[in-house]
1. Which one of these does Pro31 not meet: (1) under 27 Å from the mean Cα position of the chain (by Cα); (2) in contact (Cβ under 8 Å) with a residue 12 or more places away in the chain; (3) not in a strand (DSSP E or B)?
2. Would you mind stating whether Thr19 is at pLDDT below 95 and either of a type outside the set (Phe, Trp, Tyr) or not in a strand (DSSP E or B) (or both)?
3. Do any strands (runs of 3 or more DSSP E) entirely within the range 70-184 hold 1 or more residues that are open to solvent by 80 Å² or more (accessible area, probe 1.4 Å), among the hydrophobic types (A, V, I, L, M, F, W, C) and in contact (Cβ under 8 Å) with a residue 12 or more places away in the chain, and if so, which?
4. Could you please let me know if Glu143 is more than 30 Å from Arg39 (Cα to Cα), modelled with pLDDT of 95 or more and not aliphatic (A, V, I, L, M)?
5. State the number of residues belonging to the range 1-16 that are open to solvent by less than 90 Å² (accessible area, probe 1.4 Å) and either of a type in the set (Lys, Arg) or not in a strand (DSSP E or B) (or both).
6. Right, Val60: in a strand (DSSP E or B), under 30 Å from Arg157 (Cβ atoms) and open to solvent by 40 Å² or more (accessible area, probe 1.4 Å) or not?
7. Here are the criteria: (1) under 30 Å from Val107 (Cβ atoms); (2) surrounded by fewer than 12 Cβ atoms within 10 Å (Cβ to Cβ). Tell me which single one Thr54 does not satisfy.
8. Can you tell me which residue in the range 27-51 is nearest to His150 (Cα to Cα), limited to those that are surrounded by fewer than 16 Cβ atoms within 10 Å (Cβ to Cβ) and among the charged types (D, E, K, R)?
Amino acid sequence: MRPIPPWPRLRRGLEHDYTILTVREDIVADPRTGQEHPRVRIDCGDWVNVIAVTREEQLVLIRQYRFGISEVTLEVPGGIVEPGEDPALAAARELEEETGYVAGRVVALGAVHPNPALQGNRCHSYLALDCVKAHEGNPDAGEDIRVELHPREAIPRLILEGSITHSLVVVAFYLEHLRATAPR
């Protein structure tokens, strides 16, 4: 099987900064033919998602309004990894900021590329264990979050019935499932 070579960038397009991401259209060359093609690229920082479990085996979930679908969603806590920040520390920080819960320990579940066709960032998923409520939370400006506790066994039903629809949240639960069931 012949390897697939990278597509060289011929020209970098103008960058449009939208605070949490930048968008540009580059011109690349097909390595087989040399033909030029425009390709959109979205640059943004890495993200984290946190499956937070209390000592009573309840999951800490959040509801928040999502502008892309103009609806309130049920999700796990998460957010942006700040430049230079360790993703595990970002997971603990986002959990506490959004919910007021503090984790006893944080375990990496894995990372995925949210949309490699357009983006170069990764979404890191973590399992936060022995979480305890320390305060009411301190969400970022522009976030309106409601915290809910759900029994762990409710997650498959919440996903299958369409209550949890965020693909990266579903991925986090799948990564947790794989870690728990995969042969060592």
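The values are calculated or read from the model by the stated rules, or taken from the named source; none is laboratory data. All figures in this text were calculated on a predicted structure; none of them were measured in a lab. Every residue, glycine as well, gets a Cβ built from its backbone with ideal geometry; the counts of neighbours run over all protein chains shown. For the accessible areas, the whole protein counts, side chains as well, though only heavy atoms, and no ligand, DNA or RNA atoms are used. Shrake-Rupley method; radii C 1.70, N 1.55, O 1.52, S 1.80 Å.
1. Failing condition for Pro31: (1).
2. Yes, satisfied.
3. Counting at least 1 such residues, we get 145-151.
4. Considered against the rule, which asks whether it is more than 30 Å from Arg39 (Cα to Cα), modelled with pLDDT of 95 or more and not aliphatic (A, V, I, L, M), Glu143 comes out as no.
5. Total meeting the criteria: 3.
6. It is false that Val60 is in a strand (DSSP E or B), under 30 Å from Arg157 (Cβ atoms) and open to solvent by 40 Å² or more (accessible area, probe 1.4 Å).
7. The single condition Thr54 does not satisfy is (2).
8. Asp43
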